[in-house]
Amino acid sequence: MTCCRCGQAAKAPVLVRRIETISGPMRGNYACLPCGRWFGARADAPDWLKRDLLARESVR
Ligand SMILES: [Zn+2]
């Protein structure tokens, strides 16, 4: 899995953007954890992304 922001290989990819499709599998953009946090800090970050990042913090 490659990060959609920095292009580096992401060991623990974070789903940062969901692309809803009417038919077929759900697609999305993945980022590495540092870039995932960057996406999560944005004003337009979706709630599910913030929850995902918070869950990762508590595991570590
Ligand atoms: Zn990245």
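Please treat every number below as a calculation from the coordinates, not as lab data. These numbers were taken from a predicted model, which means no experiment stands behind them. Glycine also receives a Cβ, built like all others from the backbone with ideal geometry; neighbour counts cover every protein chain displayed.
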message: Quick query: amide H of C6 versus all other amide H atoms, modeled in the peptide plane; which residues come in under 5 Å with a sequence gap of 5 or more or a different chain?
response: C32
query: Peptides 19-31, 3-15, 37-49: what's the order by average Cβ count within 10 Å, highest mean first?
result: 3-15, 37-49, 19-31
query: What relative contact order, as a whole-number percentage, does the chain give when Cα pairs under 8 Å and 6 or more residues apart are counted?
result: 28 percent
